[in-house]
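Asker: There's a structure below that I have some questions on.
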Amino acid sequence: MITKKLPGWLLHSLLSALLYTPALATAAQHEQVVAERTLAVEVEGLNGDLPGELADNIRAFLAIERIKGEAAPMASRLQYLHRQAEEQIRTALQPFGYYQPSIKTELIDEPKQWLARYQVDPGEQVRLENVNVVVTGEAETDPQFVLALADNRLQKGQPLRHADYEALKSRLQSLASERGYYEAVLSRQQLLINPELNQANIELVLDSGPRYRIGAVNFSEAPVGEALLSRYVPFKEGDPVSSGRLLELQRGLTESDYFSRVEVQPSWDKAVDQVVPIAVDLEPNKRTAYRFGAGYGTDTGARLSASINRRWINQRGHSFTGVAQLSEVESTAAVQYNIPGQKPQTDSYSARLAWETELTDSTDSEILSLGVLWKKQLGPWQRLLSVDWEQERFTLDDETSSTSFLIPGMRWSTTNTDNPLNPTRGYRLSLELDAASEVLLSEADFVQAQAKGKHVLTLNNRTRLLTRAEIGVTAMDNFDLMPSSHRFFAGGDNSVRGYDYKQLGPTGSNGDVVGGRYLLVGSAEVDYRVAESWRVAAFYDAGNSLDSLSEPLKNGVGVGVRWQSPIGPVRVDLAKPLDDSGFRIHFTLGPDL
């Protein structure tokens, strides 16, 4: 038998592999165990509580924080991230003026997790010593710049916060842009910090240069005449450039409904001697818009609607609208001719012709009306003055009557809300006043006033309180002559729930509701958000239509479900009248305000 010796180097390699394989396996298993453990991160004060904004910013800067709660990486990677933490904490504290913190860091190897603990004493906050903020050029005496300098937080002795410094720079630059200082520059911006003395010096100089003035306003081709377009311009040639006034022009033209796109820009490259022309680029809307709809409400039943909007008829911007609605209870057909006023953003005149019918358990009426109205926006209030001639045929208490009234009227309304479709706060108010006189083509004299209000209040991040109230008063000697459309009724989706539409009010000899002189309605509702688009609600309603204010009110309570659809809230309520038996389901669609 012949044997051969293995070379020495090969024998050595084989022995080494046999000896080190268990050790390598053990190390691999150890790294696997480490990888399966999670990481916890603690940030706390070294000597007491750490202010929340500091702790939040530290966590935002800590790279190790981003893998908190996850499976811990290899020990070497974890230790690397931990070594970076102290510098990251120092960086996170500096925007708040803390430049000499004391920081204690620990990386603890616990049985089930790694714990990275950071204890921070931010130390003494740097304070402002010398602050020199100056505006030169024409803006030096501009009231808005004077106010900005007086109202800033960079004052001697105040703690240094980098955000305040950046906010002042941003405000000065924004003001310059908004107010026509096209050449404005921050010629000097310096923040010097001495951590040893805990002091900081600021020097900030805005050189505004000259203020530019508005030149000619140049409109692109448009379907309406320049005589009308110029009435939308809220400034005169030679006025200082103001972004706010330019935006007002753009908003007014956009809301006119003549255009699908409006862009208003100063033509800086065409400025001469600090006078800049304004370019208004307009893209016409479709001249005619059609709309068709279908819906359902427990007050009106199923309904169909159609409308036409002729956005402009001529160069003067006159427009025309026509609306038709058919439902089980109410049907309407109306046309309206509109004329822009002297300030068309807020002022318009209209003439209208309408035919309406209503058929309920208590009323049967048909109205033909012809009228004119003047609509004007006065600050947050919209005012509407109208004169309508109304001829109405109606049946109440099995008696049919026909009346003619010439009715001057006034309407005031305002809405304030943070979100028209899904408000967390806000209110809506409206005031109405109508009158008629025998000496002015009317059957009888009367004066009628009505006030309505709604309010939404958020109680916490899930709960809202919704309230509404309605009051109506009529002064009339012979109320039997009052047409059905001007009498007050109560009950229904937007009145006292639990009762049918117009079920509440004084009754005639056959027991049918004939409507009253007065109206009192109030409601309180609490809703609670259970999911992103769903709420549940509980409510209490009270009210009635009355011939005497001493008569009792009717009451209803119930619960409901709300779905926040893309076009507004959909409500389904189950209501119980407290003064009668039975239940009633109410279904409505529309905004809360």
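Asker: Could we say that Leu519 is outside any strand (DSSP E or B), surrounded by 18 or more Cβ atoms within 10 Å (Cβ to Cβ) and of a type in the set (A, V, I, L, M, F, W, C) here?
Answerer: For Leu519, the condition - outside any strand (DSSP E or B), surrounded by 18 or more Cβ atoms within 10 Å (Cβ to Cβ) and of a type in the set (A, V, I, L, M, F, W, C) - is not met.
Asker: Could we say that Ala23 is in a helix (DSSP H, G or I), at pLDDT 50 or above and of a type in the set (A, V, I, L, M) here?
Answerer: So Ala23 does not fit the description; no.
Asker: Give segment 359-373 a look and list any residue that's under 36 Å from the mean Cα position of the chain (by Cα) and either among the β-branched types (Val, Ile, Thr) or over 26 Å from Leu429 (Cα atoms) (or both), or say none.
Answerer: Across segment 359-373, the qualifying residue is only Val372.
Asker: Being under 19 Å from Ala271 (Cα atoms) and out of contact with any Pro (no Cβ under 7 Å at 6 or more places or on another chain) is the filter here, so list the residues in segment 184-221 that pass it.
Answerer: Within segment 184-221, Ala184, Val185, Ser208, Gly209, Pro210, Tyr212, Ile214, Val217, Phe219, Ser220 qualify.
Asker: So, one more: Here are some conditions: (1) within 30 Å of Leu396 (Cα to Cα); (2) surrounded by 14 or more Cβ atoms within 10 Å (Cβ to Cβ). Gln250 meets all but one. Which one does it not meet?
Answerer: It fails just one condition, (1).
Asker: Conditions first: (1) buried (at least 16 other Cβ atoms within 10 Å of the Cβ); (2) at pLDDT 95 or above; (3) of a type outside the set (Asp, Glu); (4) under 30 Å from Glu532 (Cβ atoms). Asn494 passes all but one, so which condition is the exception?
Answerer: Here Asn494 clears every test but (2).
Asker: Take the residues in segment 374-429 that are within 25 Å of the chain's Cα centre (by Cα), hydroxyl-bearing (Ser, Thr, Tyr) and part of a strand (DSSP E or B); name whichever of them is farthest from Lys343 (Cα to Cα).
Answerer: Tyr427
Condition check ((1) more than 30 Å from Thr363 (Cα to Cα); (2) in contact (Cβ under 8 Å) with a residue 60 or more places away in the chain; (3) in the same structural domain as Asp361 (by TED's automatic domain parsing)) across all residues:
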| residue | (1), (2), (3) |
| --- | --- |
| Leu192 | yes, no, no |
| Glu196 | yes, no, no |
| Ala227 | yes, yes, no |
| Asp239 | yes, no, no |
| Leu253 | yes, no, no |
| Val276 | yes, yes, no |
| Gly293 | no, no, yes |
| Gly297 | no, yes, yes |
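Asker: Can I ask one more? Would you pick out the residues in segment 189-211 that are in a loop (DSSP other than H, G, I, E, B) and either within 30 Å of Ser102 (Cβ to Cβ) or in contact with a Cys (Cβ under 7 Å, 6 or more places away or on another chain) (or both)?
Answerer: If the condition is that a residue be in a loop (DSSP other than H, G, I, E, B) and either within 30 Å of Ser102 (Cβ to Cβ) or in contact with a Cys (Cβ under 7 Å, 6 or more places away or on another chain) (or both), then Pro195, Glu196, Leu197, Asn198 are the ones that fit.
Asker: So how many residues does segment 430-453 have that are in contact with a helix residue (DSSP H, G or I) (Cβ under 8 Å, 6 or more places away or on another chain), outside any strand (DSSP E or B) and free of Cβ contacts under 8 Å to residues at least 40 places away in the same chain?
Answerer: 2
Asker: Sticking with this one: Where residues in segment 100-137 are of a type in the set (Lys, Arg) and within 23 Å of Ala85 (Cβ to Cβ), which of them is surrounded by the most Cβ atoms within 10 Å (Cβ to Cβ)?
Answerer: Among residues in segment 100-137 that are of a type in the set (Lys, Arg) and within 23 Å of Ala85 (Cβ to Cβ), the one surrounded by the most Cβ atoms within 10 Å (Cβ to Cβ) is Arg117.
Asker: Only residues in segment 149-176 that are without any contact (Cβ under 8 Å) to a residue 40 or more places away in the chain and surrounded by 13 or more Cβ atoms within 10 Å (Cβ to Cβ) count as the first member; pair them with residues that are of a type outside the set (A, V, I, L, M, F, W, C) and part of a helix (DSSP H, G or I), Cβ under 6 angstrom, at least 6 apart or cross-chain, and list the lot.
Answerer: Arg153/Asp164; Leu175/Gln144
Asker: Now for a separate question. Among the residues of segment 287-308, are any farther than 30 Å from Ile585 by Cα, crowded, with 16+ Cβ neighbours inside 10 Å and at pLDDT 95 or above?
Answerer: The answer is no, given that none of the residues of segment 287-308 is farther than 30 Å from Ile585 by Cα, crowded, with 16+ Cβ neighbours inside 10 Å and at pLDDT 95 or above.
Asker: Being of a type in the set (D, E, K, R) and in contact with a Gly (Cβ under 7 Å, 6 or more places away or on another chain) is the filter; apply it to segment 534-566 and report the residue that is farthest from Gly491 (Cα to Cα).
Answerer: The extreme case among them is Asp547.
Asker: Out of curiosity, is Gln144 surrounded by fewer than 18 Cβ atoms within 10 Å (Cβ to Cβ), under 42 Å from the mean Cα position of the chain (by Cα) and not aliphatic (A, V, I, L, M)?
Answerer: In short, yes.
Asker: Where the second residue is assigned to a loop (DSSP other than H, G, I, E, B) and not hydrophobic (A, V, I, L, M, F, W, C) and the first is assigned by TED's automatic domain parsing to the domain that holds Glu44 and lies in segment 62-82, which pairs have Cβ atoms under 9 Å and are six or more apart or on separate chains?
Answerer: Going by the 9 Å Cβ cut-off, the qualifying pairs are Leu62/Lys68; Ile67/Pro73; Ala71/Arg37; Ala72/Arg37; Leu81/Pro73.
Yes or no, residue by residue, for (1) under 30 Å from Gln189 (Cβ atoms); (2) over 42 Å from the mean Cα position of the chain (by Cα); (3) not in a strand (DSSP E or B):
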{"position": "Asp56", "(1), (2), (3)": "yes, no, yes"}
{"position": "Thr91", "(1), (2), (3)": "yes, no, yes"}
{"position": "Ile103", "(1), (2), (3)": "no, yes, no"}
{"position": "Glu106", "(1), (2), (3)": "no, yes, no"}
{"position": "Tyr118", "(1), (2), (3)": "no, no, no"}
{"position": "Val133", "(1), (2), (3)": "yes, no, no"}
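The values are calculated or read from the model by the stated rules, or taken from the named source; none is laboratory data. These numbers come from a predicted model, not from an experiment. Heads up, the Cβs are rebuilt from the backbone with ideal geometry, glycines too, and the neighbour counts pull from every protein chain shown.
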